[in-house]
Amino acid sequence: MRNLFVLVLLLPATLRAQTPAGRIAFEQFTLPNGLRVIYSEDHSTPIVTVDVWYEAGSRNERPGRSGFAHLFEHMMFEGSAHVKKSEHGQLVERAGGIYNGSTAEDRTNYFETVPSNRLNLALWLEADRMRSLAITEENFENQRQAVKEERRLRVDNQPYAGAFSDGLTWPFDSTTCFPYAHTVIGSMADLDAAKLPDVQAFFDTYYAPNNATVVVVGDFAPAELRRLVNQDFAGVPSHAEPEPPRCDATTAKGPARREVHDAQANLDLVMRLYRIPEHRNADTPALEILNIIVGQGESSRLNVSVVRREKAAVGAGSLLNPFGSRNGPGVWAAYGIVNQGVPADRLDSLLSIQLDSIRANGITPAELDKAKNALRAGFIDNRETTLGKAEELHHYLTFHPSLDEINTDLDHLLAVTSDDVKRVANLYLAPNNLTLLIVRAGAAPASGGGR
């Protein structure tokens with residue numbers, strides 16, 4: 001997965017002219033139950049990463065049952081037929097490894113990076129919970145409370161966190177595009193209303209070998225990998241194909257403005273949100289370039305003009321699908337936190353001026369070179385570890401027309417022109433595609449009226 005929040009590295013022209021670095025060789029096979037396995041040998045260090053992606057993210061949830069994908073990120077560590085509660089992590093750590101999981105709109109992932117002689121452990125652990133996760137009332141209630149506490153800790157009690165979580169869903173209409181009109185973490189009310197049969201049904205629908213991909217990268221012998229995968233996963237039964245999520249985001253909502261209050265914030269925040277197309281769209285490379293130029297790094301337009309020159313904001317930047325790439329419509333945002341004494345509308349005007357400048361006049365050659373260097377640096381950096389390579393393989397399988405683009409996509413990024421950036425700015429940063437979010441610092445005023 002591309003990481004666009006990287007430090008800009010100014011690479012010499014001789015390096016830019018060479019064959020793209022970071023090439024990943026891979027092979028793949030599919031079991032009769034539908035489990036897809038992709039593997040890439042890397043014998044540089046005696047470690048191996050097992051990275052499992054399920055095609056189950058928040059976009060697969062239905063109204064009234066949000067938060068289930070994130071709930072299962074927690075539930076999957078609660079034990080299975082041959083693994084006790086919380087023993088998964090203990091076994092990995094005792095072997096000298098690390099593990100984790102994460103949830104996004106379009107996928108949930110789980111990984112282990114272990115010494116190469118414990119590849120068998122990582123595969124066995126993933127297969128056991130895919131086959132026999134312990135979905136009990138006790139585990140469900142325990143993790144429901146854990147997720148609610150996570151929401152309180154990371155969103156409700158952090159300044160601006162609601163804007164960067166809930167606010168990113170507001171450009172979408174829940175009646176026509178529910179998959180992207182609700183948050184990844186889910187709502188408290190939906191979690192409270194959930195019953196154990198609902199949770200079991202979600203697992204039975206999405207946590208199956210024919211809805212998953214296992215990527216293995218590192219120091220292993222392919223023949224041994226095939227033997228272990230067949231031994232552990234071949235007997236896991238496939239399930240009926242899940243119903244694909246539906247999202248009709250073709251009709252523009254028109255410009256919208258929304259104001260909310262944040263009791264945790266001391267300064268107002270302004271965020272200009274715009275809908276953008278799915279990741280595999282041909283405009284994505286130019287949007288990634290635009291994102292860097294507008295709001296990434298010390299030399300970005302927003303930092304130079306709004307923060308340093310105008311001193312209208314204590315911080316400003318831009319975001320492109322911050323939770324990860326999407327197979328459906330995404331979000332790009334420019335934002336700033338107002339400086340003392342600066343009205344929110346004044347900051348919004350300054351943000352708008354910078355965006356309109358690109359729409360009218362385009363970008364400079366120096367800005368284009370800087371952005372391409374940043375993308376190239378991130379492209380290479382993401383392929384420095386076994387986990388990084390595994391995530392890249394998943395990314396290109398899931399969000400690109402072909403997995404083979406993992407070794408050609410850099411060419412598409414470096415081929416972006418200034419005209420391409422100006423064109424996508426005019427297309428997607430148009431006024432009728434704007435959702436303006438103003439976060440007012442402090443609690444909402446108490447409503448008036450007598451008793």
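With respect to the stated conditions, ILE406 is over 30 Å from LEU302 (Cα atoms) and in a helix (DSSP H, G or I). Scanning region 336-356 for residues that are under 27 Å from the mean Cα position of the chain (by Cα) and either under 19 Å from TYR180 (Cβ atoms) or of a type in the set (Asp, Glu) (or both) yields a single hit, ASP348.
Condition (residue is among the β-branched types (Val, Ile, Thr) and either under 19 Å from ARG59 (Cβ atoms) or without any contact (Cβ under 8 Å) to a residue 12 or more places away in the chain (or both)) applied to region 211-230: is it met by at least one residue? So far as region 211-230 goes, yes, one or more of its residues are among the β-branched types (Val, Ile, Thr) and either under 19 Å from ARG59 (Cβ atoms) or without any contact (Cβ under 8 Å) to a residue 12 or more places away in the chain (or both). Within region 327-348, residues that are at positive phi have Cβ atoms under 9 Å from residues that are part of a strand (DSSP E or B) and surrounded by fewer than 24 Cβ atoms within 10 Å (Cβ to Cβ) in no pair, counting only partners at least 6 apart in sequence or on another chain.
Could you count how many residues in region 126-138 are surrounded by 18 or more Cβ atoms within 10 Å (Cβ to Cβ), part of a helix (DSSP H, G or I) and either out of contact with any strand residue (DSSP E or B) (no Cβ under 9 Å at 6 or more places or on another chain) or hydrophobic (A, V, I, L, M, F, W, C) (or both)?
Initially, region 126-138 is screened for residues surrounded by 18 or more Cβ atoms within 10 Å (Cβ to Cβ), giving 126-131, 133, 135.
Filter once more, so that each one left must be part of a helix (DSSP H, G or I): 126-131.
In the following step, the residues that additionally are either out of contact with any strand residue (DSSP E or B) (no Cβ under 9 Å at 6 or more places or on another chain) or hydrophobic (A, V, I, L, M, F, W, C) (or both) were identified as 127, 130.
Here the count works out to 2.
If you go through region 263-283 one residue at a time, do you hit one that is at pLDDT below 95 and crowded, with 18+ Cβ neighbours inside 10 Å? Checking region 263-283: at least one residue is at pLDDT below 95 and crowded, with 18+ Cβ neighbours inside 10 Å.
ASN426 - would you say it is modelled with pLDDT of 95 or more, surrounded by fewer than 17 Cβ atoms within 10 Å (Cβ to Cβ) and touching a helix residue (DSSP H, G or I) at 6+ places or on another chain (Cβ under 6 Å)? So ASN426 passes the test. Strands (runs of 3 or more DSSP E) fully within region 44-117 that include at least 3 residues being surrounded by 22 or more Cβ atoms within 10 Å (Cβ to Cβ) and at pLDDT 95 or above: 47-54, 108-115.
Candidates in region 390-416 are the residues that are free of Cβ contacts under 8 Å to residues at least 12 places away in the same chain and closer than 28 Å to GLY362 by Cβ; of these, the one that is surrounded by the fewest Cβ atoms within 10 Å (Cβ to Cβ) is THR408.
Give the residues of region 359-386 that are outside any helix (DSSP H, G or I) and either closer than 11 Å to ILE292 by Cβ or of a type in the set (S, T, N, Q) (or both), sorted by residue number.
First pass over region 359-386, keeping only residues outside any helix (DSSP H, G or I): 362-364, 382-385.
Answer for region 359-386, where residues must be outside any helix (DSSP H, G or I) and either closer than 11 Å to ILE292 by Cβ or of a type in the set (S, T, N, Q) (or both): ILE363, THR364, ASN382, THR385.
Among the residues of region 363-389, just one is of a type in the set (A, V, I, L, M), under 22 Å from ARG423 (Cβ atoms) and surrounded by fewer than 18 Cβ atoms within 10 Å (Cβ to Cβ), namely ALA366.
Could you check, for region 270-284, whether at least one of its residues is over 22 Å from the mean Cα position of the chain (by Cα), within 29 Å of PRO343 (Cβ to Cβ) and not small (Gly, Ala, Ser)? Yes, region 270-284 contains at least one residue that is over 22 Å from the mean Cα position of the chain (by Cα), within 29 Å of PRO343 (Cβ to Cβ) and not small (Gly, Ala, Ser). Restricting region 171-189 to residues that are surrounded by fewer than 19 Cβ atoms within 10 Å (Cβ to Cβ) and of a type outside the set (S, T, N, Q) leaves a set whose member that is nearest to ALA441 (Cα to Cα) is MET188. Inside region 190-222, residues that are crowded, with 20+ Cβ neighbours inside 10 Å and touching a Gly at 6+ places or on another chain (Cβ under 6 Å) make up a count of 2.
The values are calculated or read from the model by the stated rules, or taken from the named source; none is laboratory data. Just so you know, these numbers come straight off a predicted model, no measurement behind them. In this analysis, Cβ positions are derived from the backbone assuming ideal geometry, glycine residues included, and neighbour counts consider all displayed protein chains.
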